[in-house]
Amino acid sequence: MSHASPNAKRQTPSAERFVVRLYQPTDREAVRDLCCRTGFLGKPIDPVFEDRELFADFLTDYYLTCEPDSAFIVTVDDAVVGYLLGCRFPRRHQIFSVRQSVSLGAKALFRLPRYKAESRRYIRWIALNAWREVPDAPRDVGHFHMNFLPKLKRIAVFREVLERYLRFLADHEVKQISAQMVTFDERRTLHLFERYGFRVLNRSRISKFERFTSESVYLSTIIKDIVEKDGRVLYQVAPGTHRANSGSQTDAH
């Protein structure tokens, strides 16, 4: 397969022209801003948690600091409108997360008196409920997360970004990758990943957004074996294959 150029442009009748490229240090603030602009189910996180600095630190610092080579950016007219942040070294991430939790926890406690009621509820959820509600993820498998502005949620963008990342992993001899996806009660997002060979390991209902939506919100752990086929690392699997491989764990809560 002839691999796409790092700055290759793709255009489809239903999507704006977009560019998928490697992360650059100058993208840091744009990525952090996008993280906060989409942190509440694709909307700004502010109604749920007002401290954008801590929110962006928690969700982006490891990837942009420790594994910037595993990050990919989506732009339209040179503006950052999406990203994929990846981790190839799960143990390194675990060590970073332990240290970071101490630092961010201290900052949150210091700022707690200044926070509004909703932000304090968010902190309380992290302290009391997150450890019970967040489903398990494989500790010895790397992971990634993707984030796009709502206007860019197109299959063409999803496919291009994911193919670039999976090719990057295959070139570095990574055999398996996982992710945790936030979804509503319906499973359209999961079906999209399952179409490309991801398996659902578990699924848990998350309560932190209950005050803001009448829909049930779930966090699902998905995993994929990175297998090259006919020169491609991203390809559709036969209908039902992902469920057959998942066994009884597919709809575990």
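Every read-out reported here was derived from the displayed coordinates using simple, explicitly stated rules and does not represent laboratory data. Model, not experiment: these values are computed from the prediction. Cβ: placed from backbone, ideal geometry, glycine included. Neighbour counts: every protein chain shown.
Results, tabulated for the structure shown:
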quantity: Separation in nanometres of the label points that stand 7 Å from Cα toward Cβ, at residue 94 and residue 172; calculated: 1.8 nm
quantity: Amide H contacts under 5 Å for residue 216, placed H, 5+ residues apart; calculated: 185
quantity: Ranked by how many other beta carbons lie within 10 Å on average, peptides 163-175, 61-73 from highest; calculated: 61-73, 163-175
quantity: Cα gyration tensor shape for the range 18-88, rounded if a/c is under 1.5, else prolate or oblate; calculated: oblate
quantity: Environment charge of residue 171, counting only residues whose C-beta is closer than 14 Å and scoring Lys/Arg +1, Asp/Glu -1; calculated: +1
quantity: Distance-filtered residues of the range 146-181 - backbone nitrogen under 15 Å, label point 7 angstrom along residue 21 Cα→Cβ; calculated: none
quantity: In the chain, lysine pairs closer than 14 Å at Cα, eight or more apart or cross-chain; calculated: 4
quantity: Overall form of the range 135-196 per C-alpha gyration tensor (a/c, 1.5; a/b vs b/c); calculated: oblate
quantity: Potential lengthening between residue 128 and residue 156 on full extension [0.36 nm per residue; Cα-Cα distance subtracted]; calculated: 6.2 nm
quantity: Per-residue HN-Hα couplings for the range 226-238 [Karplus 6.51, -1.76, 1.60; θ = phi - 60°; Hz; x = Gly/Pro]; calculated: 8, 10, 7, 9, 6, x, 10, 10, 10, 7, 6, 9, 4
quantity: Derived scalar couplings ³J(HN,Hα) [the range 22-27; Karplus, 6.51 cos²θ - 1.76 cosθ + 1.60; whole Hz; x for Gly, Pro]; calculated: 5, 5, 10, x, 5, 7
quantity: Modelled FRET efficiency - R0 22 Å, residue 192 with residue 41, Cβ distances, 0.05 increments; calculated: 0.85
quantity: Within-11-Å neighbourhood charge of residue 56 [Cβ basis; K, R +1; D, E -1]; calculated: -2
